Every structure is written in C-alpha cells, then in structure tokens.
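For reference, the structure discussed in these notes is given below.
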Amino acid sequence: MEATYDRTSEVKAFDDTKIGVKGLVDAGISQIPRIFHHPHTTVTNPKPSSTAMTKIPTVDLGGGVFDSTVTRENVIEMIRNAVERFGFFQVVNHGIPIDVMEKMKDVIRKFHEQDSEVRKKFYSRDINKNFKYNSNFDLYSSPSANWRDTLTCFMFPDVPKTEDLPEICGDIMLEYSKQVMILGELIFELLSEALGLNPNHLKEMDCTKGLLMLSHYYPSCPEPDLTFGTSQHSDRSFLTILLQDHIGGLQVLENGYWVDVPPIQGALLVNLGDLLQLITNDKFVSVEHRVLANRGEKPRISVATFFVHPLPSLRVYGPIKELLSEQNPPKYRDTTITEYTRHYMARGLDGNSVLLDFKI
Ligand code: OGA
Ligand code: NI
C-alpha cells in the first residue's frame with residue numbers, strides 16, 4: 001500500500017511549507033506523515049543495545065596542559081584504543097568553557113523556536129548559500145525522512161561575517177567554532193602521535209582546513225517507533241566534535257549491537273569520519289551511528305562540527321604513505337573531497353558506508 005503513494009510530491013509539499021518538522025509539531029499532528037516512515041526492519045534492527053556492552057571511553061584532556069597526572073602519553077594511548085575499537089570517545093577538560101557550550105545550545109534552541117515566519121526566511125537548499133536552515137539535507141534523495149531540522153554553516157576557512165548570520169545565534173556560533181578549532185587542532189596532534197607520526201602530520205595534510213557546523217533540533221515525535229532522528233550513517237568528515245544536551249538518543253554500532261552514548265554534562269563527543277578511516281588505511285575506524293526519534297516532551301539539541309573542506313576541494317587524499325608497507329598495502333584509491341562528497345550526497349543517509357566505493 002505505502003509503496004504506491006506519490007512520495008516525491010508529498011516530500012515537495014512538506015519542503016515547500018518551509019516550516020520544518022518543528023512546524024508539524026506546532027500544528028499539533030498526532031501521526032507523522034508517511035514520508036517519515038522507515039521500513040519496519042530498519043526500525044527494529046539490528047539488535048537493541050545490551051547493557052553488557054562496553055562503554056564509550058571518556059578521556060580527560062587536562063585542559064590541553066599535560067602534567068604528571070594527565071600525561072600526554074597516557075592520553076594518546078587512551079585515544080588510540082578508543083579510535084581503533086570504537087571510533088568514538090568523549091572528552092572532558094577539553095578547554096571549551098562550559099558557558100560557551102551552554103549558550104550555543106540555548107541560541108540554537110531559540111533559532112528553531114522563533115516564529116515560523118522568521119525561520120522561513122532562512123529556509124534553503126541553495127548550495128551557494130553558506131548559512132541555511134532546512135529539514136533533512138537528503139530529503140529528496142533518501143528513502144525515508146528523519147524527525148529533525150538543521151542549521152548548516154561553514155565556519156572555516158572563510159569565517160562568516162556577523163552580519164551574514166542571524167542575529168539570534170551568530171556571535172555565539174563564531175565564538176564556539178573558534179574554540180572547536182583550537183580543540184580540533186589538539187585532537188589531530190594527539191591522533192597523529194597515536195599513528196606514530198609527527199604531531200603536525202594530520203594538520204599538514206590540511207585536515208583542519210575546513211569546519212562545517214550542523215546545529216540540529218529534534219522535536220518531540222508523536223510516533224517515535226516509526227522513524228528516526230538521524231538514520232544510520234558514518235560521517236563524511238575527517239573528524240566530528242559533537243555537543244549534545246542531556247536528552248540522549250544517540251547510538252553507535254558496535255559488533256552488531258546499538259550502544260547508547262550517554263550524555264555527560266560538560267563533555268564533548270569526538271568521532272572519526274570516513275576520510276580519516278581512508279587516510280589511516282582502516283587503522284582508525286569511522287563508526288556507524290544513529291539518533292532515535294525523540295520520545296520525550298522536550299526537544300533535543302545537538303551541534304555537530306565536522307572537520308571537512310568546503311567544496312570544491314580538489315586536494316587528493318589516499319592512505320598515508322608512512323603507514324603503508326608490504327604487509328599493509330593501500331586499501332583505498334586516491335580521491336578528492338569533492339568526489340567523495342558527491343558520492344555521499346547522492347546516496348543520502350542509507351546506512352551503507354560510502355567508503356566501500358573507494359576500496360581498491
Ligand atoms: C551528525 C550526527 C548526531 C546527533 O550530524 O552526523 O551524527 O546527536 N549527529 O545529532
Ligand atoms: Ni554523524
């Protein structure tokens with residue numbers, strides 16, 4: 001039955017309203033439109049998380065100042081273990097002031113909760129626009145939509161001008177992204193060392209040459225068992241730093257089980273993206289993750305900052321030569337971020353790693 005409906009026109013009708021999922025909730029709907037329905041098998045599989053599963057490691061960065069209690073070697077060892085096994089870790093004492101994190105979540109909430117007439121003015125899918133608001137970047141390419149709206153903006157290398165950002169959130173976005181760049185540079189140094197390379201290696205490969213900020217709003221969902229907040233995917237970045245509120249719902253896939261990522265007050269979540277898996281020749285892993293539809297009453301806010309270049313980016317990436325040997329030949333062919341991103345966007349979030357397209 002469901003297969004016969006005219007999905008494209010229903011998707012377009014929703015998109016044309018420019019009010020996002022938040023607008024549907026404000027209209028008081030009690031059933032979600034069928035464009036948001038995911039196949040039953042996806043919603044119920046794979047197995048639910050087991051409490052016996054190992055927890056995502058938490059790493060104390062000691063404010064980036066390493067002394068006898070938090071030594072650099074210990075931190076590198078913890079990070080190496082975390083990214084080889086999970087592709088994910090949380091960081092505390094990361095140097096980003098708590099009030100900047102709190103303000104960031106606050107202003108993102110305020111943006112998404114302002115009058116729909118104001119929000120509509122920013123609603124766009126124009127690739128030439130830097131700051132835009134929309135619901136589901138892959139609305140037209142993915143088989144099922146997600147219960148989420150998002151603000152999208154590149155913050156580096158071209159720093160947006162204050163006047164090009166909404167007054168309600170612009171200053172804080174600029175401040176938070178500046179802090180994320182500093183933390184990101186530290187994490188890339190530690191990751192370089194964890195690979196046995198010079199601390200500046202990943203930075204010199206331009207891994208920190210771009211920062212994309214996605215500020216998500218996950219409204220309460222009246223039928224959370226039929227859809228997702230974000231469907232299963234891995235990130236197309238080198239690295240992602242995620243700020244999430246206390247609501248939860250993020251899960252990572254570990255050995256076929258979904259493991260909850262518990263929100264920790266003041267912590268940030270770090271995960272590796274596909275591009276880092278590619279250049280480390282699978283030494284570090286980019287793990288699949290998803291966000292369950294929000295079953296609580298309050299909306300969930302998260303801010304994902306991706307270290308990835310804006311397009312077009314013709315810089316060529318392949319497995320790092322220093323990591324290769326006869327026993328460890330390259331597993332991926334060279335690609336550019338432009339080519340990689342095109343593959344990623346064309347697929348939408350469908351749960352299959354785009355990395356497979358680049359295997360030798
Ligand atoms: C993402 C993502 C998780 C979240 O934006 O890629 O995985 O909690 N976000 O919003
Ligand atoms: Ni992600």
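The values are calculated or read from the model by the stated rules, or taken from the named source; none is laboratory data. Values in this document were obtained by computation on a predicted structure and should not be read as measured data. Here Cβ is always computed from backbone atoms with ideal geometry, including for glycine, and neighbour counts include all displayed protein chains. Heads up: the accessible areas ignore ligands, DNA and RNA and are worked out on the full protein's heavy atoms, side chains in. Shrake-Rupley method; radii C 1.70, N 1.55, O 1.52, S 1.80 Å.
Over the residues of the chain, the helix contribution to mean residue ellipticity at 222 nm works out to -8500 deg cm²/dmol, using -39500 (n - 2.57) for each DSSP H run of at least 4.
The heavy atoms of residue 207 present about 0 square angstrom of accessible area, all protein chains included, probe 1.4 Å.
State which entries of 22/203; 209/298; 121/178; 103/132; 132/178; 203/359 exceed 29 angstrom in Cα-Cα distance in the structure shown. The pairs that break the limit, which is 29 Å between Cα atoms, are 22/203; 209/298.
Against the chain, whose longest principal axis comes from its Cα atoms, helix 7-17 is set at around 90 degrees. Here the relative contact order of the range 156-222, from alpha carbon pairs under 8 Å that lie six or more residues apart, stands at 33 percent. The trypsin sites (Lys or Arg not before Pro) found in the range 60-140 that occupy coil by DSSP, while having at most 14 further C-beta atoms within 10 Å, are 121, 125, 129. Dimensions of the chain based on its C-alpha atoms, expressed as ranges along the principal axes with the largest first, amount to 55, 44, 42 Å. For the chain, modelled as a GNM whose springs connect Cα atoms under 10 angstrom apart, the maximal fluctuation among 152, 335, 208 occurs at 335.
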